[in-house]
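Worksheet for the structure shown next.
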Amino acid sequence: MKNKLLALVLIAAMALSLAACSTPTGSVDNDESSAPESTAEETSQEEASEGGEASEEAAPASNDTFPTEGKIFRYAIGTEPTTLDPNKGNSIGDNEIQHAITENLTRNTGGKVTAGMAESWDISEDGTVYTFHLRESYWSDGVKVTANDFEYSWKRLADPATGSPYQFIVGILKNGNAIIAGEAAVEDLGVKALDEMTLEVTLENPTSYFLSMLGSQSNFSPLRQDIVEQWGEDFAATAEKNVYSGPFKLITSENNEYQFIPNEYFWDKDNINWDGVQISYVEKEDTRLALYEQGELDYVAIPTAYVEQYKDQPNVNYFTNGNVDYCYINTESENPVWGNQNFRLAMNYALNREEYNQLANNGVYSPYNALCFPGLQGKDGKTYGETYDVDSYAYPMEGDQAKAQEYLAKAMEELGIANASDIEIEFVTTDAEANKKIAEVLQEQWQNALGIKVNIRQVTYSEIYGEVYPNLDYEIGYAGWGPDYDDPYTYLELFRSDVNWYTPYGNAEVDALLDASKTETDLNARMDMLNEAEQLLIADGAWVPLQARTAYYILDEDVTDITFYFCSVNIDWAYGDQK
């Protein structure tokens, strides 16, 4: 039974409509290991059936209904997935769902890389050519998975016509950046099915994190061309408009509920323990906590406002989830202040990040003044934060009012502005309750420190990431980044001139360092290049760093083998179990 925590008044006041669930703590596996160098490590899962008698002609007979009993895992999310199309996903929330319904060449579970669809692989001496040997595997409709499904998917991801927000990630592959720039054809991408069961991948440069990234980044998962073409623009719009290669298949995505059941044709099906998993979209964080208290959920993230009350209770744990939150700046905004380096620096030095974190996040997160998550790998077995003294080159945590005023005065002189009160800016964020609080704290600090006027504009989550940021319809806005892989480059490439991830910012010196880091074979020298690029971004006021997140959660005592990680997938439940 659950430990009933503090009896919140809000629980009694809420009318709850979700169906009751079983009361399925969990061991958190954060085992980090290096990726295998030439062949797949043996997986801890037993070798499972290879598809039985499934064939391309005969789809399986299946009762795709959600179970009413058995091992069922339920939790709620506060933001809806932006898409169910694996190639088009652009958030950790998207990726967490895809990590359960797709299987890539490798599988990354909490940093441990094991064999996925590829049972082994070979790597060329120069580290640029990978030859993957696929195991016999089947889609959820009984059709065999082939190397052609990977080639088709990766080329679709690279194709500008697809409109994937994550197109930039194919830059790791041979000719990827040339395709993005329109200087090469999609057919030239460094991926090729040598035969039905062999896939050859050619990288632009040796990349140490390639296998790890494949195991956690669902954009590179296989796709069936016939299914994509059958549904066209509606592909993956709903559960039945796709087929699934992963441990689970999605059977409904209607009415703010995502229901999953095991994929009977998954290669490792014998090691999947859940009879069903249900994720519900519940906008208000208080409501999600109340649902857990009433036994409707088996896991819940604790809102920062309640962490102090809950943190010492049974079944409560936490992890640093890799998310670094900050403010994007549209340097090409019609408001000229954002193209001015001195104004951007004034905005950064004006913030007291220690005070901000207490007021906006109840002191739960860690105030942060740089870009790359300090828990990433650094040099000589140390973390990035242990390798580099960020405070020696980043903005002071408590701000510097004198410097802020100095930078503001320079900006006003350069822009021909007589009075600070004449400067009016717009800050955009989502309509989530927590984000409103964050916006108001920032608004007050900037107005008090600089004497400018800050207006707040709130939009929905889907609007901000579907329209506002992609179309640069903003001046400054709240967002953040969770790493796609364990390397500083995953943060720094967002500010490349040829990537422009929600910001048009560009810096030729930063680009040159990032380019050089791709071919640098001395790993310590490469890490120093990446750190130098981060320092240049800070000196130029490219963005406004705010915080690094610590995520507190409650997980039922009889749920095991749920993995929490800081790269791509914060909660990984695919191989979870219930006592």
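Across the stretch 153-179, the number of residues qualifying as open to solvent by 50 Å² or more (accessible area, probe 1.4 Å) and of a type in the set (A, V, I, L, M, F, W, C) comes to 1. The single condition among (1) small (Gly, Ala, Ser); (2) over 24 Å from the mean Cα position of the chain (by Cα); (3) buried (at least 24 other Cβ atoms within 10 Å of the Cβ) that SER245 does not satisfy is (2).
Selection of first residues in the stretch 287-315 that are open to solvent by 50 Å² or more (accessible area, probe 1.4 Å) and of second residues that are at pLDDT below 95 and assigned to a helix (DSSP H, G or I), restricted to Cβ pairs under 7 Å at least 6 apart or on distinct chains, gives the following pairs, ordered by first then second residue: GLN294/ILE11. Taking the listed residues GLU386, GLU406, the one that is open to solvent by 40 Å² or more (accessible area, probe 1.4 Å), within 25 Å of GLU424 (Cα to Cα) and not basic (Lys, Arg) is GLU406, with no other qualifying. What residue, among those in the stretch 490-501 that are buried (at least 22 other Cβ atoms within 10 Å of the Cβ) and aromatic (Phe, Trp, Tyr), is nearest to ASN95 (Cα to Cα)? Only one residue tops the list, namely TYR491.
Restricting attention to the stretch 164-199, the residues that are farther than 17 Å from SER218 by Cβ and in a loop (DSSP other than H, G, I, E, B) add up to 11.
Taking the criterion of being among the hydrophobic types (A, V, I, L, M, F, W, C) and closer than 22 Å to GLU440 by Cβ, the residues of the stretch 309-357 that qualify are VAL324, CYS327, ILE329, VAL337, TRP338, PHE343, ALA346, MET347, ALA350, LEU351.
Within the span defined as the stretch 221-241, one or more residues are among the aliphatic types (A, V, I, L, M) and open to solvent by 40 Å² or more (accessible area, probe 1.4 Å). Tell me, which residue of the stretch 116-141 that is among the hydrophobic types (A, V, I, L, M, F, W, C) and within 30 Å of ASP522 (Cβ to Cβ) is surrounded by the fewest Cβ atoms within 10 Å (Cβ to Cβ)? Here the residue is VAL129. GLU103: closer than 21 Å to THR238 by Cα, part of a loop (DSSP other than H, G, I, E, B) and either of a type in the set (Lys, Arg) or under 18 Å from the mean Cα position of the chain (by Cα) (or both), yes or no? Yes: the conditions hold for GLU103.
Is there a residue being within 17 Å of TYR328 (Cα to Cα), open to solvent by less than 80 Å² (accessible area, probe 1.4 Å) and over 22 Å from the mean Cα position of the chain (by Cα) anywhere in the stretch 426-435? For the stretch 426-435, residues within 17 Å of TYR328 (Cα to Cα), open to solvent by less than 80 Å² (accessible area, probe 1.4 Å) and over 22 Å from the mean Cα position of the chain (by Cα): present. Examine the stretch 557-579 for a residue that is over 19 Å from ALA100 (Cα atoms), open to solvent by less than 20 Å² (accessible area, probe 1.4 Å) and either modelled with pLDDT of 95 or more or assigned to a helix (DSSP H, G or I) (or both), and state whether such a residue exists. No: the stretch 557-579 contains no residue that is over 19 Å from ALA100 (Cα atoms), open to solvent by less than 20 Å² (accessible area, probe 1.4 Å) and either modelled with pLDDT of 95 or more or assigned to a helix (DSSP H, G or I) (or both). Scanning the stretch 471-496 for residues that are part of a loop (DSSP other than H, G, I, E, B) and more than 17 Å from the chain's Cα centre (by Cα) turns up ASN471, LEU472, ASP473, TYR474, GLU475, ARG496. Which condition number does LEU250 fail, the rest of (1) touching a Lys or Arg at 6+ places or on another chain (Cβ under 9 Å); (2) of a type in the set (A, V, I, L, M, F, W, C); (3) surrounded by 24 or more Cβ atoms within 10 Å (Cβ to Cβ) being met? The one condition LEU250 does not meet is (1). Looking only at residues of the stretch 358-372 that are closer than 13 Å to LEU442 by Cβ and more than 22 Å from the chain's Cα centre (by Cα), we find that the one that is surrounded by the fewest Cβ atoms within 10 Å (Cβ to Cβ) is LEU359.
Taking the numbered list (1) at pLDDT below 95; (2) under 26 Å from ALA574 (Cα atoms) in turn, ARG224 passes all entries but (1).
If you filter the stretch 316-345 down to residues that are under 19 Å from TYR553 (Cα atoms) and either open to solvent by 30 Å² or more (accessible area, probe 1.4 Å) or of a type in the set (Lys, Arg) (or both), you find that the one that is modelled with the lowest pLDDT is THR320. Under the condition of being open to solvent by 10 Å² or more (accessible area, probe 1.4 Å) and not in a helix (DSSP H, G or I), the residues counted in the stretch 200-216 number 8. Residues in the stretch 446-458 that are under 30 Å from the mean Cα position of the chain (by Cα) and open to solvent by less than 20 Å² (accessible area, probe 1.4 Å): TRP446, VAL454. Within the stretch 217-232, the set of residues being part of a loop (DSSP other than H, G, I, E, B) and under 16 Å from THR82 (Cα atoms) comprises GLN217 only.
Could you say whether any residue in the stretch 147-156 is among the polar types (S, T, N, Q), touching a helix residue (DSSP H, G or I) at 6+ places or on another chain (Cβ under 6 Å) and either more than 19 Å from SER124 (Cα to Cα) or modelled with pLDDT under 95 (or both)? There is no residue in the stretch 147-156 that is among the polar types (S, T, N, Q), touching a helix residue (DSSP H, G or I) at 6+ places or on another chain (Cβ under 6 Å) and either more than 19 Å from SER124 (Cα to Cα) or modelled with pLDDT under 95 (or both).
The values are calculated or read from the model by the stated rules, or taken from the named source; none is laboratory data. In this text, all values refer to a predicted model and were calculated from it rather than measured experimentally. Note that each Cβ is placed from the backbone with ideal geometry, even for glycine, and that neighbours are counted across all protein chains shown. Quick note on the areas: whole protein, heavy atoms, side chains included, nothing else; ligands and nucleic acids left out. Shrake-Rupley method; radii C 1.70, N 1.55, O 1.52, S 1.80 Å.
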